[in-house]
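Working notes for the structure below.
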Amino acid sequence: MTALPQERRIVTAIPGPKSQELQARRTAAVAQGVGSVLPVFTARAGGGIIEDVDGNRLIDFGSGIAVTSVGASAEAVVRRAAAQLADFTHTCFMVTPYEGYVEVAEALAELTPGDHAKKSALFNSGAEAVENAVKVARAHTKRQAVVVFDHGYHGRTNLTMALTSKNMPYKHGFGPFAPEVYRVPVAYGYRWPTGPQNAGPEAAAQAIDQITKQVGPDNVAAIIIEPLLGEGGFIEPAKGFLPAIRDFAAANGIVFVADEIQSGFCRTGQWFACEDEGIVPDLITTAKGIAGGLPLAAVTGRAEIMDAAHAGGLGGTYGGNPVACAGALGAIETMRDLDLNARAKAIEVTMKARLTAMAEKFEVIGDVRGRGAMIAIELVKDRTTKEPAPEATAALAKACHQEGLLVLTCGTYGNVLRFLPPLVIGEDLLNEGLDIIEQAFARI
């Protein structure tokens with residue numbers, strides 16, 4: 001696992017003096033637009049712990065935003081990446097290829113849903129993967145329009161900002177955005193007007209109606225959705241919604257793209273979240289958890305769709321970097337060896353039981369949701385009106401940070417605490433983190 005002791009330790013204020021010194025240097029040298037959730041500077045990380053430069057050890061409920069699912073220094077990732085570093089750091093796959101890229105593509109063909117022939121192209125980031133999925137879909141269909149959903153998040157490039165639904169902080173002041181993007185409703189069960197039991201069919205009917213009337217199915221190249229919406233608030237689309245949208249896409253020759261960048265690679269207790277309702281996407285985008293913290297992303301899909309782009313039409317200087325590919329093979333090895341799907345399900349059982357009990361004690365918790373180790377609580381000022389409580393959410397996150405627990409917030413309304421512990425976190429650390437959350441609620 002990791003040589004880093006798996007125990008929380010607080011020896012200074014959070015952030016401590018060394019972190020504060022580094023923060024002063026950062027303020028002088030780093031662009032203000034790059035934010036940080038918590039200005040403690042990391043010295044080491046592994047398992048379920050982040051150790052800062054002052055010697056504090058924090059429990060990690062963020063995994064670098066669902067990236068270090070296998071831990072931040074997983075043995076297989078380090079071993080394979082180090083061996084590759086010693087051989088060569090780069091040739092550019094588009095100049096002289098190498099086996100690691102091919103091995104990752106083969107692994108993705110095996111792991112992603114569906115038994116059809118598949119091919120992949122590798123990139124650097126989730127946004128690049130989504131952008132290239134759109135390119136492939138447009139090349140295949142000879143159509144232009146792209147349909148996305150309320151509360152969706154797909155990245156920070158110009159096209160993926162257009163696909164993303166949240167203005168602040170992602171889009172504000174950065175327009176104009178790419179055209180031919182259309183947004184339709186999603187089945188957000190907790191906030192659906194007629195209740196969660198009706199959300200799936202009603203939202204699907206509304207979305208399909210809007211696409212049909214406003215865009216025209218024959219003009220749609222791709223429908224892109226996160227099978228479990230991340231940044232929008234860990235929204236699990238109500239049952240029946242995804243299959244209805246998938247069927248509509250298939251009936252109209254539309255490429256159905258599952259954005260599994262945050263939800264993929266064992267995060268939800270399955271290799272991919274779309275497996276929950278048996279969805280087989282035409283294309284699937286992956287990044288974050290794919291390579292144990294090294295920058296890598298992929299578009300994987302039906303071979304005949306992936307081959308629609310002309311030779312030279314896909315690529316990038318660093319896409320599928322050999323060290324990142326080695327890291328990915330190490331991460332996949334770790335996921336298999338430790339059965340991290342089973343571990344994610346065990347984390348869900350522990351977290352949901354504890355958080356549901358907290359919801360009975362604290363009125364501010366409106367909803368407990370998510371799957372696997374992708375769990376969230378939505379905070380509200382009033383359970384009847386469901387008015388969002390972003391101030392309470394920020395205060396709770398701050399209280400957890402001061403006690404040495406790293407948590408993240410999200411949600412269109414800024415009122416969701418999201419929990420993304422590394423899948424290798426120990427049960428004792430997991431429960432200690434939940435204790436800190438419960439104590440923070442009691443104080444606030």
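The values are calculated or read from the model by the stated rules, or taken from the named source; none is laboratory data. Since this is a predicted model, take the numbers as computed values, not measurements. Note that we place each Cβ from the backbone using ideal geometry, even for glycine, and neighbour counts take in every protein chain shown.
Odds and ends about this structure:
- Of the candidates Gly404, Gly366, the single residue that is in contact with a strand residue (DSSP E or B) (Cβ under 8 Å, 6 or more places away or on another chain), at positive phi and touching a residue at least 60 places away in the same chain (Cβ under 8 Å) is Gly404.
- Condition broken by Ala199, with the remaining ones in (1) crowded, with 24+ Cβ neighbours inside 10 Å; (2) free of Cβ contacts under 8 Å to residues at least 12 places away in the same chain satisfied: (2)
- Condition met for Cys400 (in contact with a Leu (Cβ under 9 Å, 6 or more places away or on another chain) and either of a type in the set (A, V, I, L, M) or assigned by TED's automatic domain parsing to the domain that holds Phe272 (or both)): no
- Qualifying residue in segment 111-119 (condition: among the charged types (D, E, K, R), in contact (Cβ under 8 Å) with a residue 40 or more places away in the chain and not in a helix (DSSP H, G or I)): yes
- Matching entry among Gly200, Gly240 (being of a type in the set (Gly, Ala, Ser), assigned by TED's automatic domain parsing to the domain that holds Phe123 and on the phi > 0 side of the Ramachandran plot): Gly240
- Check on Leu355, on the phi < 0 side of the Ramachandran plot and touching a Ser or Thr at 6+ places or on another chain (Cβ under 9 Å): no
- Considering segment 268-281, the residues that are of a type in the set (D, E, K, R) and out of contact with any helix residue (DSSP H, G or I) (no Cβ under 6 Å at 6 or more places or on another chain) include one that is surrounded by the fewest Cβ atoms within 10 Å (Cβ to Cβ), namely Glu275.
- Count of segment 404-435 residues which are within 14 Å of Glu7 (Cβ to Cβ) and crowded, with 20+ Cβ neighbours inside 10 Å: 6
- Checked against (1) touching a Leu at 6+ places or on another chain (Cβ under 9 Å); (2) of a type outside the set (Lys, Arg); (3) not assigned by TED's automatic domain parsing to the domain that holds Glu51, Ala311 meets all criteria but (1).
- In segment 359-380, the qualifying residues are those that are more than 21 Å from the chain's Cα centre (by Cα) and part of a strand (DSSP E or B), and the one that is surrounded by the most Cβ atoms within 10 Å (Cβ to Cβ) is Gly366.
- Residues within segment 93-105 that are out of contact with any Ser or Thr (no Cβ under 8 Å at 6 or more places or on another chain) and surrounded by 14 or more Cβ atoms within 10 Å (Cβ to Cβ), tallied: 5
- Comparison of Tyr101, Tyr153 shows that the only residue that is hydroxyl-bearing (Ser, Thr, Tyr) and in a helix (DSSP H, G or I) is Tyr101.
- The condition (being within 13 Å of the chain's Cα centre (by Cα), within 20 Å of Asn198 (Cβ to Cβ), surrounded by 23 or more Cβ atoms within 10 Å (Cβ to Cβ) and in contact (Cβ under 8 Å) with a residue 12 or more places away in the chain) is satisfied by just one residue among Ile245, Ile261, Ile225: Ile225.
- Every pair of residues 6+ apart whose Cβ atoms lie under 7 Å, when the first sits in segment 414-438 and is in the same structural domain as Lys352 (by TED's automatic domain parsing) and assigned to a strand (DSSP E or B) while the second is small (Gly, Ala, Ser) and surrounded by fewer than 22 Cβ atoms within 10 Å (Cβ to Cβ): Leu417/Ala397
- Scanning segment 313-357 for residues that are acidic (Asp, Glu) and touching a residue at least 24 places away in the same chain (Cβ under 8 Å), we see that the one that is nearest to Tyr101 (Cα to Cα) is Glu333.
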